[in-house]
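Bear in mind that the values in this text are calculations on the coordinates, not laboratory data. Because the structure is a prediction, the values reported are computed rather than measured. In this analysis, Cβ positions are derived from the backbone assuming ideal geometry, glycine residues included, and neighbour counts consider all displayed protein chains.
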Amino acid sequence: MHTPPRVLTVAGSDSGGGAGIQADLKTMLALGTHGMSVLTAVTAQNSLGVQGAWELPVEAVTAQFRSVVDDIGVQAVKTGMLSSPELVETVAGLLADLDAPVVIDPVGVSKHGDSLLAATALDAVRTKLLPTATVATPNLDEVARLTGVQVREEADMRGAAAAILAHGPRWALIKGGHLASSEEAVDLLTDGDQEYWLRAPRHDNRHTHGTGCTLASAIAARLAHGDTVPEAVAAAKEYVTGAIAAGFRLGGGIGPVDHGWRLR
């Protein structure tokens, strides 16, 4: 009997199913892993935005983590929405002694511009959470909030990566999807020595809810399969590009990427 690689997501719930825990688990299944979850928050969320968010107690987050890790075990972990300093510090402490690769997606705002990370939690992300990361995957807005570095053109991404790496992750993946000056969706992966530029065509599709969660989860899934970081990121980029191209309308606003696009 074959047991698939086990991947744990530590993130918030998206009731609309496009991002958060729901996107993570769909991605993990699509990429041949067994997804497990530690819920950090519940949101009332749909294609139009986030109507409400309720953080879970630190005790509940810790209990979920220990329950999964101590019995089932994990071969990779991905983090998403951690809204308060207390949650950030708690999760960072849980990850510190974990013998598995960790993908940190420092979620700041939703696709609709709703804040998902308190300003008071930024320092904890910098000093506690990022040092636990095998790979950190900030977008350009998150880079600016965490480091003050503004990326306006492709050449600025090197400085952004250096600023993120200064906080301790082994690799930084700077996501350039919001870079208006580029005709491609370009990302930079680097550990400070090795450098990989990942490029994909931009698809004319507004239904892109969940791209960040999906990419980070895909990286974690590939790491659980035994890929190196550059291999995992390249495979994840290919997967999320296809998911964006197949994104579909849902409700009256921004629809999700299609996590099952390879099955269609």
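For this structure, a couple of remarks:
- Computed over the alpha-carbon pairs of segment 114-251, the distance histogram in 10 Å steps reads 12, 42, 37, 9, 0 percent, short to long.
- Contour minus Cα-Cα distance for residue 166 and residue 184 (0.36 nm per residue): 3.8 nm
- Considering only the chain, percent of DSSP beta bridges that pair antiparallel, nearest 5: 45 percent
- Nonlocal Lys pairs with alpha-carbon distance under 17 Å, segment 6-258 (8 or more apart, or different chains): 7
- Ordered by the number of other Cβ atoms lying within 10 Å of each residue's own Cβ, fewest first, 196, 239 fall into the sequence 196, 239.
- Under 5 Å from the amide H of residue 10 lie the amide H atoms of 38, 78, 79, 80, each residue being 5 or more positions distant or on a separate chain, with H modelled from the backbone and absent for Pro and chain starts.
- With q set to 0.07 Å⁻¹, the log10 of I(q)/I(0) for the chain, from the Debye formula over equal scatterers at the Cα positions, is -0.20.
- Full extension of the chain between residue 158 and residue 71 yields a length gain of 27.2 nm, computed as 0.36 nm times the residue separation minus the alpha carbon distance.
- Burial ranking of peptide ranges 198-207, 168-177 (average Cβ count within 10 Å, highest at the top): 168-177, 198-207
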